[in-house]
Every structure is written in C-alpha cells, then in structure tokens.
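Following: one structure in structure tokens, then a few remarks.
The values are calculated or read from the model by the stated rules, or taken from the named source; none is laboratory data. This is a predicted model, so every value here is computed, not measured. Using ideal geometry, Cβ is built from the backbone for each residue, glycine included, and neighbour counts are taken over all protein chains shown.
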Amino acid sequence: MTLAEMSAGDRGRVEQVSGDPAVVQRLYELGLLEGEEFDFLGYAPLGDPLELRVGNTRLSLRLADAAGVVVSKL
Amino acid sequence: MSSRPLTVALVGNPNTGKSTLFNALSGLRQHVGNYPGVTVEMKKGQFTHAERRFDLIDLPGTYSLAARSPDELVAVDLLLGRRPEEPPPDVILSIVDASNLDRHLYLTTQVMELGVPVVVAVNMVDVAAAQGVVVDVAKLAAETGLTVVPIQANKGTGLTELKAALLKAADGHHAPKAPVLPQPLEAEAKTILAGVNGQVPEFLARRLLLDINGATENWFVGKYGEALRTRVQEARKRLADAGAAVPAVEAKTRYAYIRKVTAAAVTKPAVRPKSGSDKLDRILTHKVWGTLVFFAVMFLMFWSIFTAATPLMNLIDAGSTGIGKAIEGAMSPGPLRSLLVDGIITGVGGVVKFLPQILILFAFIAVLEDCGYMARAAFLMDRLMSRCGMSGKSFIPLLSSVACAVPGVMATRVIENHRDRLATILVAPLMSCSARIPVYVLMISLFLPAESAFAQAAVMFCMYMIGFITAPVVAWILRKTLLRGPRSLFVMELPAYKRPSLRTVGLRVFDAGWQFLKRAGTVIFASMVVIWAVQYFPNTTADGTAYEGLVATAEEARDDAKKKKEDAAEEEKEPLEQEEAKNAAEVKRLKAEWQRDSFLGRTGRALEPVFAPLGWDWRIGMATLASFPAREVIVGTLRILYEADEAEEGQADPLRASIHNDWDNDPVRGKYRVPVALSVMVFFALCMQCASTLAVIRRETKSWLWPLFCFAYMTGLAYLGALVTFQVGKLIVGAVS
C-alpha cells in the first residue's frame with residue numbers, strides 16, 4: 001500500500017520512496033527513508049495534505065506525493 | 001592578527017531558534033546584507049568577546065545544503081568562501097534542537113565537509129529534558145570531533161561559553177569525524193572535478209552528483225556546457241549500478257552515522273511521551289475546531305487593530321494638529337507656511353497616525369510565526385491554495401501581505417516552485433495591506449457611527465475578504481494561462497509549539513514600524529509635497545491676485561467681526577454676527593475656488609467623466625490618482641482637498657466631518673453615501689498603488705515585465721470592481737427608497 005492510503009492512528013514502515021527527485025530528496029533529508037517507522041496522524045480538514053510523525057518530526061505532504069511512498073502497515 | 005574580526009556563519013534548520021540565537025548574540029547591532037544577482041538577504045550582526053570582534057552572518061534556515069534554487073546556492077557559496085561580498089567564514093556555528101537531534105544533525109554532517117571549523121550549539125536542552133531526552137554533550141563532541149555547547153537561546157543561557165568556543169575553534173586546529181560517503185561516489189566526484197580542471201571545490205562536485213536537477217547542476221551546466229549534464233547523468237547511472245543510487249545514498253550514509261552518534265550521546269525514553277504540543281495539535285488541526293480557531297484568530301487580529309489602536313491614533317492626531325496650529329500662529333502667510341502646515345505636517349501626521357495599527361498587526365503575525373501556528377495555517381490551507389495553483393507555503397506570504405505586501409513578496413522565497421512563487425507574488429498585493437486601513441477607516445466612518453464598533457469591524461472584515469477571495473481566483477487564472485506548468489513540491493515540517501520569544505517578536509515589530517516610518521519619510525513624504533504643490537499653485541485669480549492674500553484678508557475680517565461681536569453690547573451683536581458669517585462664507589468660497597483652479601483641480605475636473613461612473617467627484621478621483629505612489633497618501637490629500645469646509649469645534653475628526661458635510665450638500669454622494677464609500681474602498685482593495693511593492697516585485701522577479709503586468713491588471717480590476725460596486729449599490733439604494 002502507499003502512504004496516501006493510510007488512516008489516522010495507523011503505524012507504518014517505509015518500504016520504498018519514489019517520485020519527483022526533489023520530493024524524494026526532501027523526504028530523505030527529513031528522515032523519511034526506507035526502513036523507518038512512523039505514526040500516521042491523519043489528514044487536513046479539507047482531506048489533503050496528510051500528516052505523519054517520523055522520529056520527533058511532524059511532517060506534512062500532499063496525497064499526490066505520498067502516493068510515491070510505498071509502506072507497510074504495522 | 002588578533003585585531004582581524006572573526007567571521008561566523010550561523011546555520012540551522014528552520015524553527016531551531018536560530019533567529020533567537022542571532023538576536024541574543026548581536027542585539028540591536030544588526031543590519032541586512034544584499035547579494036547581487038539573487039534575491040536572498042542575510043542578516044548580519046556583531047558582537048565582541050575577549051576583545052575580539054565577531055561578524056555574525058545569519059544564513060536562511062534550511063534542512064540541507066542540497067541547493068534547489070539560486071538563492072540556496074548563495075548560502076552554500078558563502079560557506080565555501082566563494083562570494084566576493086563576504087570573507088570566507090572562520091567558524092560555522094550550527095544550531096541544533098536537542099529534542100530532535102537526529103534530524104538536525106543531518107545539516108551539521110554536511111557542514112562538516114566544508115573544511116571550516118564547526119561549533120555545534122545544542123539548543124532547548126531544557127525542553128528536551130522535560131520530554132526525557134538527555135543529550136550528553138561531551139560524548140556528542142567526542143563522537144563528531146566538533147566543539148559542542150549546550151545553550152538555551154531564549155533565556156540567553158550558555159552564550160558566554162558559546163562565544164569562547166567560537167574563538168577557540170577559529171584559532172585552533174580542527175579534525176571533524178565526518179561521515180564518509182561510499183567510495184564510488186567520491187571517485188565519480190573526483191572525475192567530475194578533473195573534467196573542470198579542479199576549478200571548483202570538491203564539495204560542489206559531490207553536490208552536483210547528489211542533487212538531481214538542483215541549483216548546483218544548473219550552475220555547472222551554465223558554466224561548463226550541456227555536455228556536462230550528460231556526463232553527470234551517466235555517472236549517476238554507474239552509481240546506481242554500484243549500489244550507491246542518488247539521492248538515497250547520501251541520506252542513508254548520513255543517517256547511519258547520526259544513529260551511531262546519537263546512540264552514544266542521547267538517552268531517550270523507550271516510549272515517546274505525549275507532549276503538550278501533540279495535544280494542542282489535536283485541536284488546532286482538527287476538522288471543525290481547527291477551522292474555527294483559524295477564523296477566530298483572524299477576526300481577533302482585526303478587532304484588536306480597531307479597539308487597541310484608537311487611543312494612540314487620537315494622540316498622534318492631536319499632536320500633529322497642535323504643531324500645525326503653533327507654526328501657523330508663528331509665521332506669516334506664504335508658500336512656505338502653507339507647505340509646512342498643509343503639506344508636510346498635515347500629510348506626514350496623517351500617515352504616522354496609522355503606526356499603532358501596523359505595530360499591532362505585525363505583533364500578531366510575528367507571534368503566530370514564532371509560536372509555530374503559521375505552519376498549521378499552511379497545513380489547513382494547502383488544499384485550497386493548491387487548488388488555485390499555489391501551495392500551502394503561499395499562505396504565509398499572503399498573510400504577511402495583510403500587513404504589507406513588501407515583506408509578503410519577499411517571504412515568497414520559501415516557495416521552491418518558480419511558477420507557484422510568481423503566482424503568489426503577483427496576487428500578494430491584492431491582499432488588504434495595512435496601508436489600506438486608513439482608507440477603509442475613513443470611508444467606513446462616513447456611513448457608520450463610531451459607537452457601532454462591531455458593525456465597523458464587520459465591514460472591515462468584508463474588505464479583507466475581497467482580497468482573500470480575489471487573490472486565489474487571479475492566481476488560478478494565471479496558473480492556467482501565463483504560468484501554466486507542473487504542480488509544486490509541498491513537504492513541510494510542523495514544528496512543535498513554543499512560547500514566542502518576546503525579543504524576536506519585539507524586533508520584528510520594531511523593524512516593521514521603522515520600515516513604515518521610513519516610507520512615510522521618503523516615498524510618501526515626497527508625493528505629499530508634490531501633491532501640495534500642484535494643489536497650491538498657480539494660486540492666482542483671473543485678474544492675477546494671489547488667492548492666499550485674499551483668503552488671509554477675508555479671514556482677518558471674519559475674526560475681526562467675531563472679536564467685535566464678543567465685546568459689543570447686546571443690541572449691536574446682530575449686524576456684527578452677519579458680518580462674521582458673510583466673511584466666513586467668503587473664506588470658504590475663496591478656498592474652494594482656489595482648489596478648483598489649481599493644477600490638481602484642473603486635471604481632476606478634466607478627468608471627472610472617468611470617475612463619474614464610480615460615483616466619485618473630482619476630489620476623490622484626484623486624491624486617488626495622487627495616491628498611486630503610496631495608498632496612505634489619499635488621507636492626507638483628502639485632508640488638503642476637503643479643507644475647503646472648516647472643521648467644526650469639538651468634532652473628533654475634522655476630515656470626516658468635512659467630507660460628511662460636503663456629501664450632505666451633493667445630489668449623488670448625499671443620496672448614495674454608502675455605495676460611493678464602498679466603491680472607493682473596493683477600488684483601494686484591488687488597486688496596485690504602491691511604488692515600494694512594484695520595486696520589490698521588480699527586484700524579486702528580476703524583470704520589469706512582472707511589476708508592469710501586476711500594475712496593469714490590478715488597476716483594471718480595481719476600476720471594474722468600483723464600477724460594479726457603485727452601480728449595483730445605486731440600484732439597491734434606489735429600490736429601497
């Protein structure tokens with residue numbers, strides 16, 4: 001499944017990050033890399049973007065970009 | 001040697017307390033440095049320690065040295081000592097957040113490769129400790145080979161130790177234990193370097209390979225030709241085959257190193273405790289509550305501008321009137337007195353009056369930004385903003401434009417995508433800035449009494465809504481036409497909430513106030529004087545007599561009659577009162593004629609057919625034209641133009657009273673008071689009347705095309721908006737009566 005398909009309260013692990021090189025690099029820099037576990041916090045009131053916590057960082061990204069992140073639910 | 005000042009470059013992630021540390025170190029001894037060819041500005045400050053001067057440069061907050069824009073490349077070049085404007089840094093000061101050390105050390109590991117001594121300031125050790133995160137500074141120093149100092153920038157703790165460490169690091173030898181990127185990558189970087197005859201630092205050669213389509217790549221290709229891009233792409237392919245695919249290889253290497261370092265130096269609780277920040281976010285990013293809080297905060301902002309600023313505004317008003325009266329009494333009539341009293345003091349006084357509102361607004365924005373709420377606002381708004389071709393990051397520049405489009409346009413630098421950024425710049429001036437407040441306040445006061453503060457705030461809120469609605473629509477149209485292109489990147493951190501620093505907020509507010517006053521003193525002041533001149537001259541009647549003399553004579557006769565009347569016996573008062581009234585009317589008539597006949601009046605009357613469909617008379621039209629360099633000018637200009645009616649004793653605002661009386665005797669504006677006032681407000685809401693904003697757009701876009709385009713579309717939109725407002729309003733008023 002992809003990151004864009006998770007629901008609030010889920011916990012997951014990053015399996016593969018792909019997509020626009022700029023987005024991929026930024027996600028890596030912010031600590032969302034393969035093998036990393038995260039808490040899926042939910043979606044913005046209008047349904048997009050989504051929010052997750054990896055380490056001690058709360059991250060927000062759009063569904064379109066999150067679709068490039070393959071995850072597994074824990 | 002010891003007299004040479006040390007250059008310290010301050011780097012850190014956004015929301016690390018970097019600005020707080022910069023302000024704590026340099027205090028008020030700071031200024032802004034500009035760099036030709038790019039739009040980036042960096043703050044520079046100074047401090048002294050152990051009789052040694054330190055020059056501190058505050059680099060923009062960033063997560064990484066992977067430059068994606070020419071602006072970010074400037075910061076990298078500066079660190080590498082490649083900018084001619086700045087000496088190469090002697091020390092790099094890297095500030096990291098103790099509670100999130102893993103992520104913050106990422107940038108530090110990049111900085112370690114620059115060959116410059118690095119001092120790490122571990123900030124907010126207190127906050128981390130409260131969460132159970134303990135950083136062992138000695139172990140961190142041992143693992144990284146860097147000097148590490150714990151600080152609490154907001155309380156000023158650890159600064160003396162930090163300064164001492166900077167001094168020691170600059171003069172001492174340094175041997176950082178930096179992470180080692182895989183050998184194939186180093187080898188490819190060396191090959192690239194050999195291909196350009198070793199003319200660039202090795203660091204940039206690595207960045208060229210690592211940052212796909214980044215600013216470094218564009219710079220290299222621009223300098224060494226398109227063939228280089230092909231060589232780089234081939235090198236990246238070889239790296240992927242060797243199991244070192246970019247950009248993943250960098251992140252994996254660095255995070256593996258960081259994990260090792262933090263495993264030794266950081267103790268964390270096994271289960272992450274729920275922080276107060278998390279609890280707050282459950283409410284503030286909630287579907288219903290979050291949206292409600294958002295709108296409540298916005299409304300509170302405008303409401304406080306109205307209520308809190310009023311007493312101060314009245315004080316400034318009374319002060320400038322007092323000074324004007326004093327000068328009028330001390331000088332004889334003539335162009336100089338008129339220039340001083342009617343041009344300079346009245347004009348500038350009318351502008352400075354709005355300083356309290358600007359300060360309050362900037363205080364709000366600074367607090368929202370400093371406490372971390374701005375990022376939540378971007379999170380809440382991104383769906384809306386991306387729908388109209390901008391990003392959640394456009395929200396901060398647009399909201400800043402509510403105070404002033406100049407910093408707003410500059411704040412668009414955080415938007416990576418060029419088209420997103422351009423769209424945001426072009427619509428930012430549509431947001432109702434503080435310079436429009438004077439116009440709104442004046443116009444609202446013409447049809448709503450001062451007692452109905454709630455109704456006033458509601459109308460004001462509507463005026464702001466015009467910008468909030470028009471800007472996205474225009475941006476959407478632009479992104480579908482002129483700025484068509486791919487969607488943008490939006491990956492954003494939501495920083496933990498924190499108590500805003502009084503110092504940071506104070507400096508922002510001070511800066512904003514100072515900028516506004518400087519404008520009042522330059523652009524606005526200059527146009528006030530020009531407007532006074534075209535309104536004062538030619539100052540001659542048909543037979544060549546100066547109006548000013550005639551007015552003075554009539555005023556004298558009027559005052560004479562008044563004085564005689566007071567001294568006279570009861571039965572002699574009647575004729576003297578008539579005498580006084582006759583001369584008072586003559587004063588008004590002469591002044592009005594003087595106005596109508598001035599250069600300004602002649603132009604205004606010639607253009608009256610253009611203003612008539614908006615419900616405006618030549619004076620409103622003229623004052624509007626006069627305020628094209630700076631919106632605030634309209635109030636001062638109207639003050640001069642409507643001075644034809646003497647203010648009555650005891651009136652709180654003579655200008656309001658003057659316009660009110662004038663409109664009462666006017667068939668159009670008397671009957672359609674509300675539509676006329678609204679039409680003026682709508683025009684000002686939509687029009688680009690700000691020389692400073694145009695100058696900033698020119699600077700940020702590096703082109704005259706975009707400021708001209710912005711000016712043209714906004715002026716057209718404003719005329720159309722005002723036209724529709726008045727014509728529809730007229731129909732409504734007609735139907736009601």
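Quick look at the numbers
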| item | result |
| --- | --- |
| Residue in the range B:222-240 that is within 17 Å of B:Asp77 (Cα to Cα), among the β-branched types (Val, Ile, Thr) and not assigned by TED's automatic domain parsing to the domain that holds B:Met112 present | no |
| Failed criterion for B:Val266 (all others in (1) closer than 30 Å to B:Glu143 by Cα; (2) out of contact with any helix residue (DSSP H, G or I) (no Cβ under 9 Å at 6 or more places or on another chain) hold) | (2) |
| Leading residue by the ranking (surrounded by the most Cβ atoms within 10 Å (Cβ to Cβ)) among those in the range B:716-736 that are free of Cβ contacts under 8 Å to residues at least 60 places away in the same chain and farther than 20 Å from B:Gly467 by Cβ | B:Ile732 |
| Count of residues meeting criterion [within 18 Å of B:Gly243 (Cβ to Cβ) and either part of a helix (DSSP H, G or I) or in contact (Cβ under 8 Å) with a residue 40 or more places away in the chain (or both)] in the range B:192-221 | 3 |
| Matching residues, the range A:41-69, being among the aliphatic types (A, V, I, L, M) and under 17 Å from A:Gly31 (Cβ atoms) | A:Leu41, A:Leu50, A:Leu52, A:Val54, A:Leu59, A:Leu61, A:Ala66, A:Val69 |
| Residues located in the range B:128-145, provided they are among the aliphatic types (A, V, I, L, M), crowded, with 20+ Cβ neighbours inside 10 Å and in contact (Cβ under 8 Å) with a residue 40 or more places away in the chain | B:Val133, B:Val135, B:Leu140 |
| Of residues in the range B:92-115 being at pLDDT 95 or above and in contact with a helix residue (DSSP H, G or I) (Cβ under 6 Å, 6 or more places away or on another chain), the one nearest to A:Leu30 (Cα to Cα) | B:Tyr106 |
| Among (1) surrounded by fewer than 18 Cβ atoms within 10 Å (Cβ to Cβ); (2) within 12 Å of chain B (Cβ to nearest Cβ), the one test that A:Lys73 misses | (2) |
| Positions within the range B:312-333 being at pLDDT 80 or above and closer than 30 Å to B:Ile396 by Cα, in sequence order | B:Leu312 |
| Cβ pairs under 6 Å, 6+ apart, first in the range B:462-480 and farther than 17 Å from B:Cys687 by Cβ, second modelled with pLDDT under 90 | B:Pro472/B:Cys388; B:Ala475/B:Cys388; B:Ala475/B:Gly389; B:Ala475/B:Met390; B:Trp476/B:Cys388; B:Trp476/B:Gly389; B:Arg479/B:Gly389 |
| Strands (runs of 3 or more DSSP E) (entirely within the range A:6-66) containing at least 1 residues that are over 11 Å from the mean Cα position of the chain (by Cα), over 20 Å from B:Met390 (Cβ atoms) and facing chain B (nearest Cβ under 7 Å) | A:57-61 |
| B:Ile531 being at pLDDT below 80, surrounded by 15 or more Cβ atoms within 10 Å (Cβ to Cβ) and either touching an Asp or Glu at 6+ places or on another chain (Cβ under 8 Å) or assigned by TED's automatic domain parsing to the domain that holds B:Arg68 (or both) | no |
| Candidates B:Arg82, B:Arg53, filtered to the one that is in a strand (DSSP E or B) and under 25 Å from B:Asp171 (Cα atoms) | B:Arg53 |
| Residue within the range B:144-156 that is of a type in the set (Gly, Ala, Ser) and outside any loop (DSSP other than H, G, I, E, B) present | no |
| Helices (runs of 4 or more DSSP H) contained in the range B:537-655 and holding at least 2 residues among the hydrophobic types (A, V, I, L, M, F, W, C), at pLDDT below 85 and under 30 Å from B:Thr693 (Cβ atoms) | B:618-626, B:633-641 |
| Some residue of the range B:56-70 being hydroxyl-bearing (Ser, Thr, Tyr) and either more than 21 Å from B:Met410 (Cβ to Cβ) or within 20 Å of the chain's Cα centre (by Cα) (or both) | yes |
| Hits in the range A:4-21 (condition: surrounded by 21 or more Cβ atoms within 10 Å (Cβ to Cβ) and either acidic (Asp, Glu) or closer than 15 Å to B:Val246 by Cα (or both)) | A:Val17 |
| Residue match in the range B:285-295 (condition: at pLDDT 85 or above, exposed (fewer than 14 other Cβ atoms within 10 Å of the Cβ), within 13 Å of another protein chain (Cβ to nearest Cβ) and over 29 Å from the mean Cα position of the chain (by Cα)) | yes |
| Of all residues making up the range B:218-228, the number that are among the charged types (D, E, K, R) and either more than 14 Å from B:Ala205 (Cβ to Cβ) or at pLDDT below 90 (or both) | 1 |
| Sole exception among (1) at pLDDT 90 or above; (2) within 14 Å of chain A (Cβ to nearest Cβ) for B:Ala189, by number | (2) |
| Exclusive hit being β-branched (Val, Ile, Thr) and either touching a Pro at 6+ places or on another chain (Cβ under 7 Å) or within 14 Å of another protein chain (Cβ to nearest Cβ) (or both), set B:Val76, B:Val133 | B:Val133 |
| Residues located in the range B:101-135, provided they are assigned to a loop (DSSP other than H, G, I, E, B) and either among the polar types (S, T, N, Q) or in contact with a Leu (Cβ under 9 Å, 6 or more places away or on another chain) (or both) | B:Gly115, B:Val116, B:Pro117, B:Gln131, B:Val133 |
| Residues of the range B:323-348 classified as charged (D, E, K, R) and in contact (Cβ under 8 Å) with a residue 24 or more places away in the chain, total | 1 |
| Members of the range B:678-715 that are of a type in the set (A, V, I, L, M) and free of Cβ contacts under 8 Å to residues at least 60 places away in the same chain | B:Leu694, B:Ala695, B:Leu705, B:Leu708, B:Ala712 |
